[in-house]
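Structure first, commentary second.
The values are calculated or read from the model by the stated rules, or taken from the named source; none is laboratory data. In this text the structure is predicted, and so the values were computed from the model without any measurement. Cβ coordinates were reconstructed from backbone atoms using ideal geometry, including for glycine residues, and neighbour counts include every protein chain displayed. Heads up: the accessible areas ignore ligands, DNA and RNA and are worked out on the full protein's heavy atoms, side chains in. Shrake-Rupley method; radii C 1.70, N 1.55, O 1.52, S 1.80 Å.
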Amino acid sequence: MSKVLVVEDSLAQRQMISDLLKGSGLKVDVASDGVEALEHILESCPDVVVLDIVMPRMNGYEVCRRLKADPKTQNVPVVMCSSKGEEFDRYWGMKQGADAYIAKPFQPTELIGTVRQLLRT
């Protein structure tokens, strides 16, 4: 079973995204900020990371940059999932190494489809 790490500082959003992914048959772990996410990823490398951008301690851009710079984690797909939905935000997220970018609010099928697509690559 594929494992997804959901990194989101909002408890409600974290729960909703986790429930969606669990409902589609994925194993889900969670982290509430970027620092916790990096610690978790080093302990047990997930198959995909769903990453918020605006978080305390370390933002999603920085987490993504660090993951993509580390040979041990550079191949882990990252889905940026953020309320920052402007074209520049999307561009900047992809520039940091994100494999996909989803703006909130999103359709459940968009998130699940994107994660499933990245699991196949």
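Run the accessible area of the chain with a 1.4 Å probe and give the carbon-and-sulfur part as a rounded percent.
On the chain, the fraction of accessible area on carbon and sulfur atoms equals 52 percent.
Hey, what did the chain get for relative contact order, percent, Cα under 8 Å, at least 6 apart?
23 percent
Mind jotting down the distance between the C-alpha centroids of the range 1-55 and the range 63-121, whole Å?
Comparing the Cα centres of the range 63-121 and the range 1-55, I get a distance of 12 Å.
Hey, got the Cα dimensions of the chain along the principal axes, in Å, largest first?
33, 31, 28
Assuming R0 = 25 Å, can you tell me the calculated FRET efficiency for the pair residue 75 and residue 10, based on Cβ-Cβ distance, to the nearest 0.05?
0.35
Once the dipole of the chain is set up with Lys and Arg at +1 and Asp and Glu at -1 on Cβ about the Cα centre, which of 106, 119, 93 lies farthest towards its positive end?
Checking the options against the dipole of the chain, the answer is 119.
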